[in-house]
Amino acid sequence: MTSHVLTQVLCELHELRVLYLHGNGIFILSEVDRLGVLPHLYTITLHGNMIETNKAYRNRVISALPQLKTMDFSAVTRQERVMAKIWHQSNRRSRGSKETLQ
């Protein structure tokens, strides 16, 4: 199953609150954006995937999922939310492109 198909299935679970995806070979950071339709998703793990090596990894995920309270077993701080918002505003033009690690 490709990560695109996986996110399509997950996005149908509107009451999902916790999602553990660590160590699943996810290498397209923009796939995380699709999870933004899950209003109750408060906890996610994505560490151990190739996307973790992207320097914008944490900002991108927090920007895409602003309701997160915990990411990769660590609390999302107020400062991280502010930084993610600034990162999002400064990168808005390039958000449409897929970010892959090569």
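The values are calculated or read from the model by the stated rules, or taken from the named source; none is laboratory data. Every value quoted in this text rests on a predicted model; they were computed, and no experiment measured them. FYI the Cβ positions are ideal-geometry reconstructions off the backbone, even for glycines, and counts take in every protein chain you see. The protein model used for the area step is the full one, side chains on, heavy atoms only, and it has no ligands, DNA or RNA in it. Shrake-Rupley method; radii C 1.70, N 1.55, O 1.52, S 1.80 Å.
Listed here are the residues, each with its yes/no results for (1) hydroxyl-bearing (S, T, Y); (2) touching a residue at least 60 places away in the same chain (Cβ under 8 Å); (3) touching a strand residue (DSSP E or B) at 6+ places or on another chain (Cβ under 8 Å).
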residue	(1), (2), (3)
L10	no, no, yes
F27	no, yes, yes
R34	no, no, no
H47	no, no, no
R60	no, no, no
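Residues that are assigned to a loop (DSSP other than H, G, I, E, B) and at pLDDT below 90: does the range 77-91 have at least one? Among the residues of the range 77-91, at least one is assigned to a loop (DSSP other than H, G, I, E, B) and at pLDDT below 90, which makes the answer yes. The set of residues in the range 17-59 that are open to solvent by 50 Å² or more (accessible area, probe 1.4 Å) and in a loop (DSSP other than H, G, I, E, B) comprises R17, H22, G23, N24, G25, F27, P39, H40, Y42, H47, G48, K55.
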